[in-house]
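Read through the structure below, which is laid out as structure tokens, and then see the notes.
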Number of protein chains: 4
Amino acid sequence: MERSRTSDKRNRILRAAVKVFAAKGFYVARVSDVAREAGVADGTIYLYFASKGDLLRGLFEENMERLIEQVRGVSAKHDSAASRLSQIWSDYVVFVQSEPELAEVLTVELRESGKFMNEFAADLFGAFLRLIVEVIADGQSRGELRRDVSARTVARLMFGAFDELSLSWVMSKNKWDLERSGKEALTIFLDGLRPKTSE
Amino acid sequence: MERSRTSDKRNRILRAAVKVFAAKGFYVARVSDVAREAGVADGTIYLYFASKGDLLRGLFEENMERLIEQVRGVSAKHDSAASRLSQIWSDYVVFVQSEPELAEVLTVELRESGKFMNEFAADLFGAFLRLIVEVIADGQSRGELRRDVSARTVARLMFGAFDELSLSWVMSKNKWDLERSGKEALTIFLDGLRPKTSE
Amino acid sequence: MERSRTSDKRNRILRAAVKVFAAKGFYVARVSDVAREAGVADGTIYLYFASKGDLLRGLFEENMERLIEQVRGVSAKHDSAASRLSQIWSDYVVFVQSEPELAEVLTVELRESGKFMNEFAADLFGAFLRLIVEVIADGQSRGELRRDVSARTVARLMFGAFDELSLSWVMSKNKWDLERSGKEALTIFLDGLRPKTSE
Amino acid sequence: MERSRTSDKRNRILRAAVKVFAAKGFYVARVSDVAREAGVADGTIYLYFASKGDLLRGLFEENMERLIEQVRGVSAKHDSAASRLSQIWSDYVVFVQSEPELAEVLTVELRESGKFMNEFAADLFGAFLRLIVEVIADGQSRGELRRDVSARTVARLMFGAFDELSLSWVMSKNKWDLERSGKEALTIFLDGLRPKTSE
DNA sequence: GATGAATGAGGGTTCATTCAT
DNA sequence: TATGAATGAACCCTCATTCAT
């Protein structure tokens, strides 16, 4: 009887938590809601997570790391900043479309929860942002992107813009074409980030 | 003894709520925290608001309307889309800098709260977004902005970008120059939105 | 400006209390309900009554005394036990029919409230009952009523029976003929209380 | 480990509620009083009852049904109206003497509570009364009881009389002989209900 | 490991009462 | 006297967490 390194039940609970937190929000959701959704007893959750907050923390950790890994892999396979940004975004679109509830939790709860797990969430988010900053800065240093703007500012801008785009898509129940809007967004940013001829 | 049209105490409670909700988040904040901050008894809050949720609602209502009015006034005083967007943003910077806690509550809680006051918050936010859409669409129809992107998408992008920018400024306790970053952001967007020569 | 010995406002409050207590019950009724019904401010009530409980107490006192006086007067004007009981009951019917809400409060709340104003309510009720006992005992000593039953028991029986009759009439919103039922009841009791021939 | 069909704890809570409600009255009693008396935590009560009011409701339901069953059984075992009424009453005396607190709650709170659970309490009480009405009407149709009085009125009379008798016995802390008084009462009623010779 | 009944601290809300006007 | 805004103690109920089975 092999046991996967990370228990099946733990994953079932995490998946249930995503669903429930997405539907009700972290604070309104009850631990027993998660338990019911996961098909386990309330107490079972505490065999895998120390507290309700830890459940949210575990959820962030596991998934943000996955996202970060994905983004990290992009830089290896693409040369230009433009193609990297394009790839990062289209990967993210795939993620949002295939796991909209997770995307919602990751973006919505990240903010409110900042209140009770500051350093933790900030770290994960910081790591994510730093990768974007690197892509931008690299593009600038190679003359692919304009240099008169702070890479950090650009990274935040793009993150905010795409985050808003995907979140509103999730919350509007997929009523419009996310890929198309994303392509338009990317075009605007890449055009706006083109090196000035005067430089 | 003159009495302001809207009760002093109501305003004191609203201001206290902003402070407390910003510091702890709506769900973690206790009504008695707000009462203490406002210097009133717990029960007094219920003379002005029907419930804790109604307090948050009242807070949105009053302030979002103010912001919307401000944005609305901008279009009358400025001609080009560029100057309108520039003005809207610099007005918003002034707001964020002078009332950072309110800005935080308005942006952070708007999301989480979407869960329990959906239509309400969505309406106010929708009204705000619509104004931006109009500015963009108007700029497009006058040939000032590129036409190959959806005005709605652009509005969302810009909102998301600037929202992220100001929120991260608020939460990082003002460690960097918001105005400067904002100017860079505006430049990137305006460059990215410039009509294509091929058009 | 003459002032009646017992203030008008005090009476207005008492009348309002009767109405409100009858409709909602003492515990569910709020002091502010009584104030609104009386057309006075909440605080005004406390100029005439020390507390909510005192309001109920005042209500009992004033009205029970009136009822007791009425019953007391009957014995003077009537000779036989039968005619006395008949008169007491028909007076009570008049009272119940003209002030059903007061009758309801006096009978319903008397019981529940026994819990918090024991000695007081018991005294008033005891005085009332004692009058009935006297009528019965007098009738027994004069050979008009059977002697093989305790006057106290008979008084309680009759009180309980007539109380139930009038209360159910009040609560059923006067759907049947109280006078008629009362006459039947009286007949049964008087027949049942007739001296045994063997005596 | 056997489990009784109806949870032990539920019954412990109900018994505690009887004791506490009898002592303080429903409105004055606190849920935590009941919990302490039952030896459980406050929250435990809500595992078995939806609310404080539901606790009172459950208490009525369970016990009134028991009483009604008892009364119902009497008619099968006795022939004459006289022996039926006699048996119903002596059963009730046994009940009142063995569970005086329950008797008190059932009769006292039934009235006040009518305010917030009208139809419910009325139904149970109505069912009880209807059984008495049947006994009376049956006695009348068989010529055992006088026919010139409404069976409904007689039932109410007797109920009111016996209710008052037992309640006052309960509240006077058993200072007198309930059985004896009850026998007297029954004699009076049966004599009063004897068919008229003229009929 | 798994369960879910039990716990009890905590918080939103009510409302009798007060008191400055 | 009269007012009614303000008070704050009290209480019902929720729900994260525990623990005996």
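Using unit Cβ charges (K, R positive; D, E negative) and no other charged atoms, how large, in debye to the nearest 20, is the dipole of the protein assembly as shown about its Cα centre? Display every interim value, and only then the final one.
Details: 120 positive and 120 negative charges, 44 e Å.
Value, rounded to 20: 220 debye.
In the neighborhood of D:L102, defined by Cβ-to-Cβ distances under 11 Å, what is the net charge if each Lys or Arg adds +1 and each Asp or Glu adds -1? Could you put the intermediate results ahead of the total?
Values: positive: D:R15, D:K19, D:R66; negative: D:E62, D:E99, D:E101, D:E104, D:E109.
Counting the neighbours of D:L102, the net charge comes to -2.
For the pair B:E101/D:D42, report the inter-label distance in nm, with labels modelled 7 Å from Cα in the Cβ direction.
3.0 nm
Let me spell out the model: positive unit charges on the Cβ of Lys and Arg, negative unit charges on the Cβ of Asp and Glu, origin at the Cα centre of the stretch B:1-49. What dipole size does that give, in debye rounded to 20? Please list the in-between numbers first.
Values: 10 positive and 5 negative charges, 21 e Å.
With only Lys, Arg, Asp and Glu charged at Cβ, the dipole is about 100 debye.
In degrees between 0 and 90, to the nearest 10, how far off the longest principal axis of chain D does helix D:52-77 point, with axes built from Cα atoms?
In chain D, helix D:52-77 runs at an angle near 30 degrees to the longest axis.
Lysines within cross-link reach of B:K9: Cα-Cα under 27 Å, excluding same-chain residues under 8 positions apart?
B:K19, B:K24, B:K52
Taking Cα atoms, how many degrees apart are the long axis of helix D:151-171 and the longest axis of chain D, rounded to 10 and kept between 0 and 90?
On a 0 to 90 degree scale, this one is about 50.
Based on DSSP H runs of at least 4 residues, each adding -39500 (n - 2.57), what is the mean residue ellipticity at 222 nm of the protein assembly as shown after dividing by all its residues, to the nearest 500 deg cm²/dmol? Display every interim value, and only then the final one.
Working: 40 runs with 580 residues, N = 796.
Dividing the helical sum by the residues of the protein assembly as shown leaves -23500 deg cm²/dmol.
Would you mind telling me which residue in C:D177, C:D54, C:D42 has the biggest mean-square fluctuation in a Gaussian network model of chain C, where springs connect alpha carbons within a distance under 10 angstrom?
C:D177
Among B:G53, B:V154, B:L178, which residue has its Cα positioned farthest towards the positive end of the charge dipole of chain B, with +1 placed on the Cβ of Lys and Arg, -1 on the Cβ of Asp and Glu, and the dipole taken about the Cα centre?
Highest projection toward the positive end goes to B:G53.
Rounding to the nearest 20 debye, state how big the charge dipole of the stretch B:67-199 is about its Cα centre with +1 on each Lys and Arg Cβ and -1 on each Asp and Glu Cβ.
400 debye
If you put a point 7 Å past Cα along the Cβ direction, how far is that point for D:D148 from the same point in each other copy, in nm, smallest first?
In ascending order, 2.4, 10.9, 11.6 nm.
Would you mind checking the tilt of helix B:81-98 against the longest principal axis of the Cα atoms of chain B, expressed as 0 to 90 degrees and rounded to 10?
With rounding to tens, the tilt is 30 degrees.
Inside 10 Å of the C-beta atoms of A:74-83, what's the mean count of C-beta atoms belonging to other chains? Numbers along the way, then the final one.
Details: counts 0, 0, 0, 0, 0, 0, 0, 0, 0, 0.
If you average over the peptide's residues, the count of other-chain Cβ atoms is 0.
Once you average over the residues of D:180-192, how many Cβ atoms of partner chains fall within 10 Å of each Cβ?
Partner-chain Cβ atoms within 10 Å, mean over residues of D:180-192: 6.
At D:E61, label 7 Å along Cα→Cβ: distances to the other copies, nm, ascending?
4.0, 4.3, 4.6
From the C-alpha coordinates alone, can you work out the Kirkwood hydrodynamic radius of the stretch C:107-199, in Å?
Values: mean 1/r = 0.0673 Å⁻¹.
One over the average 1/r among Cα pairs gives 14.9 Å for the stretch C:107-199.
Under the convention of a label 7 Å out along Cα→Cβ, give the distances in nm from C:R30 to the same position in every other copy, shortest first.
The projected label point of C:R30 is separated from its counterparts by 2.2, 2.4, 2.7 nm.
What's the local net charge at D:G192, with K and R +1, D and E -1, over the other residues with C-beta under 12 Å away? Don't skip to the end; give the middle numbers.
Values: positive: C:R146, C:R194, D:R146, D:R194, D:K196; negative: C:E184, C:D191, D:D148, D:D191.
Charge balance in the 12 Å sphere: +1.
In whole percent, what relative contact order does chain C give with Cα contacts below 8 Å and a gap of six or more residues? It would help to have the intermediate numbers written out before the result.
Working: 144 pairs, mean separation 40.4, N = 199.
This gives 20 percent for chain C.
Over the stretch B:1-49, what is the relative contact order in percent, taking alpha-carbon pairs closer than 8 angstrom and at least six residues apart? Don't skip to the answer; put the middle values down first.
Values: 28 pairs, mean separation 17.5, N = 49.
So the answer I get is 36 percent.
Toward the positive end of the charge dipole of the stretch B:60-192, about the Cα centre and with charges on Cβ (Lys, Arg +1; Asp, Glu -1), which of B:L110, B:P100, B:S75 goes farthest?
Sorting the options by dipole projection puts first B:S75.
Grab the residue from chain C whose Cβ hugs the C-to-B rotation axis most tightly, plus its distance in whole angstrom.
For chain C, the closest residue to the axis carrying it onto B is C:G43, 4.
Describe numerically, in nm with one decimal, the distance between label points set 7 Å from Cα along Cα→Cβ at B:A122 and at B:R194.
So the label points at B:A122 and B:R194 sit 3.9 nm apart.
If you stretched the chain out fully between A:R30 and A:E179, how much longer would it get, using 0.36 nm times the residue separation minus the C-alpha to C-alpha distance? Don't jump to the answer; show the numbers that get you there.
On the way: separation 149, 0.36 × 149 = 53.64 nm, distance 3.45 nm.
Full-extension gain reported as 50.2 nm.
Rule-based calculations on the coordinates, nothing more; no lab input. Values in this document were obtained by computation on a predicted structure and should not be read as measured data. Heads up, the Cβs are rebuilt from the backbone with ideal geometry, glycines too, and the neighbour counts pull from every protein chain shown.
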